[in-house]
Amino acid sequence: MEIKNLLFRKEICKVNDMKTELKRKKPQELGNVTGQIFYLAFQNLANTEKKQFLTILATDKKLMQDLLDISVIEQRRKEPSRSFRDILKELNV
C-alpha cells in the first residue's frame, strides 16, 4: 500500500509540475491544454493499459478515417498545388 501511495504522489507531482509550466506560457503557446493532460496521463499508463486504450481507439472507424486523412495530408504537404481545372483535365471531365 505504501508503494502505491508513493506512486500516486509522484503522479500528482507530475501533474502539478505540468500545471506550473503551463501557467508560465502565454495563451497562444498553450494550444490544447486538455489534450496535453490526456497525453501526460497516457504516458503514465502501464503498457497493458496503453494497449487496451489504443485498441478502443482503433475500433472507432470515424477516428481511424480521420487519422488516415491526416496522414495523407502530412505526406503530401510539400507537393505543389494544382488548379481545379488542371485536375478536371487530367480526369477528362
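Brief remarks follow.
- Here each label is just a point 7 Å from Cα along the line to Cβ, and for Thr59 and Asp17 those points are 3.5 nm apart.
- Sites Glu49 and Ser81, calculated FRET efficiency, Cβ-Cβ separation with R0 41 Å, nearest 0.05: 0.45
FYI, it's all coordinate maths here, none of it is from the lab. Remember, it's a predicted structure, so these values are computed and weren't measured experimentally. Backbone-built Cβ (ideal geometry, glycine too); neighbour counts: all protein chains shown.
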